1. Among the residues of the stretch 70-84, write down those that are loosely packed, with under 12 Cβ neighbours inside 10 Å and part of a loop (DSSP other than H, G, I, E, B).
2. Just give me the residues in the stretch 45-69 being within 19 Å of V118 (Cβ to Cβ), outside any strand (DSSP E or B) and open to solvent by less than 60 Å² (accessible area, probe 1.4 Å), in sequence order.
Amino acid sequence: MCSYPPALFDSLLLPGKANKPVLADTIWTRTKNEQTTEPTGNVHYVLDGRALFNCIPWPRGLTYIEILLLYLQHVTQRYGQGTVVFDGYDEGPSRKDCAHQRRSGVSNSAVNFDGKMVL
């Protein structure tokens, strides 16, 4: 008898890492008959803000404000009035804390910039 379910935790008693590809494949398989190509009716999009940054070309010589305006233009043209979410973990507990503990020793530098800086 254990005080914790061993299948869910690793040897350091941290929650095990999720197997996201298997989860995604299962969701797609089980919902295959219910999928449509485009949503219809009254739709409100919730968008992953970080992933969208990779969809937009960042031309050299623009300021960060100009890049932000390109980003906003892309979102409004493609999704209308969607909600853009940036899932960060700058302060307080987060769902990413366990992943950070697994990678302890790895740190990122703080980068300070303002909107008038050129890329």
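The values are calculated or read from the model by the stated rules, or taken from the named source; none is laboratory data. These numbers come from a predicted model, not from an experiment. Using ideal geometry, Cβ is built from the backbone for each residue, glycine included, and neighbour counts are taken over all protein chains shown. Please note that ligands, DNA and RNA were not included when accessible areas were found on the heavy atoms of the full protein model with its side chains. Shrake-Rupley method; radii C 1.70, N 1.55, O 1.52, S 1.80 Å.
1. Correct list: G80, Q81.
2. Across the stretch 45-69, the qualifying residues are I56, P59, G61, L62, I67.
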